[in-house]
Amino acid sequence: MYRIQFHINFCAAYLSGSLFKTLGVKELCHLINKGELRVFIISAGYGLLDAFDPIHKYDAEMKGKIATHWKKAGLEDTIREVCQQLQPKQIYGFFAGSSLWNNAGAKYRYFYSAGVKKALQDGLCIDNVGCFYRSEGKGTSAILKGLGRCFNDFVCSGYPINMLTKAQENGLAYGNITIKYEELTNKGV
């Protein structure tokens, strides 16, 4: 029995971005259109986007003044509200950076983690919630390809718990990139 009511993914790239080049976008769109997958993108230019939201080209990264702007604007509260409104059974993020606010490149994951933790603190009941992240390996292109392949494997395999366990314990190898998984709780909000 397929028990996922909603599945939300927060990604730090747009559907045409580097992370999604490794995915079968046609299959991904099919899952979204069937209502089996919901994808949100955390954007330095727009804040929180649904996968099919139209955007203009922009050149911004979630760091410095831009990240501070989104922090002051309450981006994590927007993410909390989306989680509370949709009441998904599972939420997964895919990010290159750590969960800390002050690390370079970590702001996307920070907003995701802070927003989801606030939703949990507010009483969101959920079966699985966490974040896939690059734990080892270098190179922006290689990292995004590794995260994209991980996303694809996870979604196309039906979100297997054993993949979460393996990623959490030992990591998943994608070329020279190791992807790990961190379960999120409402602790440390």
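Every read-out reported here was derived from the displayed coordinates using simple, explicitly stated rules and does not represent laboratory data. The model shown is predicted, which means the values in this text are computed figures rather than measured ones. Every residue, glycine as well, gets a Cβ built from its backbone with ideal geometry; the counts of neighbours run over all protein chains shown.
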Which of the peptides 150-158, 111-119 is most tightly packed, and how do the rest follow, going by the mean number of other Cβ atoms within 10 Å of each residue? 111-119, 150-158
Hey, how many Å between the Cα centroid of the stretch 122-140 and the Cα centroid of the stretch 37-54? 17 Å
Beyond 25 Å (Cα-Cα) in this structure, taken from LYS63/LYS138; LYS34/LYS118; LYS89/LYS145; LYS26/LYS57, we find LYS34/LYS118; LYS89/LYS145
